[in-house]
There are 2 protein chains.
Amino acid sequence: MQIMRIVFPVARSWLGTRIVPWVFAHMSFALPISRLRETERLLAFYHPRPVYPVHVLIVPKKTIPSLMALSRNDADLLVEIYETVHSLVAELALEEKGYRLIANGGPYQEVAQLHFHLISETKE
Amino acid sequence: MQIMRIVFPVARSWLGTRIVPWVFAHMSFALPISRLRETERLLAFYHPRPVYPVHVLIVPKKTIPSLMALSRNDADLLVEIYETVHSLVAELALEEKGYRLIANGGPYQEVAQLHFHLISETKE
């Protein structure tokens, strides 16, 4: 994935943090990612630079800069995110391995589009 | 908090993982915890044995054994959990410090009642 050497530094730059949300909202078809789920509302895919043996990202397509920007109107999206987690936990056998669902905020959040990490530290 | 020396080993035992959800549903008033929020649906409180400089637990009162047991009917609860996160992030100045919202599952989950950790690794 040579392209990721370019994509990641850009995504973390000032400009990148503004472009990435727009890409998810309008050009997600063009993202060079290994898709696990795609619906009208969200995308789930393997992290291109995984930090854990299992490292999946779940990203809403609608522009939502952070956890703090979620509102009551996003109830259906929240339900769909959790349904996606359910189906990924089953597919990837995470109930046996163990898993964490993580959302980072403030300076811990690297890209200004809400995203959830579904991870497992357990290989087998 | 002497009582926590007893409460924690019990909570993690086979019996404890069955009793804790019942206590949250029916006897939360008796929990020896430092409450941050309490509504009809949930409790938020400082972790009695914090692993991070900021370590808050958000726990639904309704018995929900894990993330996998959430359903479409819990949409209002999900919204309320995220609204609670918003207000705690503001109150504890976590937008400046950085924060993570974490839900553990499978063997990573120590007590059989759904709970979210709202944590910051940053002291000041």
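The values are calculated or read from the model by the stated rules, or taken from the named source; none is laboratory data. None of the values given here were measured: they were computed from a predicted structure. Cβ coordinates were reconstructed from backbone atoms using ideal geometry, including for glycine residues, and neighbour counts include every protein chain displayed.
Brief remarks follow.
- Taken over the range B:47-60, the criterion of being under 11 Å from the mean Cα position of the chain (by Cα) and modelled with pLDDT of 95 or more is satisfied by B:55, B:56, B:57, B:58, B:59, B:60.
- Selection count, the range A:91-118, where residues are closer than 17 Å to residue B:66 by Cα, under 11 Å from the mean Cα position of the chain (by Cα) and touching a residue at least 40 places away in the same chain (Cβ under 8 Å): 1
- Helices (runs of 4 or more DSSP H) fully within the range B:9-124 counting 3 or more residues that are within 25 Å of residue A:83 (Cα to Cα), within 12 Å of another protein chain (Cβ to nearest Cβ) and not charged (D, E, K, R): B:75-91
- Across the range B:89-124, the number of residues qualifying as within 9 Å of residue B:54 (Cβ to Cβ) and of a type in the set (Lys, Arg) comes to 2.
- On inspection, residue B:70 does not qualify as surrounded by fewer than 19 Cβ atoms within 10 Å (Cβ to Cβ), among the hydrophobic types (A, V, I, L, M, F, W, C) and over 12 Å from the mean Cα position of the chain (by Cα).
- Within the range A:80-122, the residues that satisfy the criterion of being under 14 Å from residue A:39 (Cβ atoms) and surrounded by fewer than 19 Cβ atoms within 10 Å (Cβ to Cβ) are A:83, A:86, A:87.
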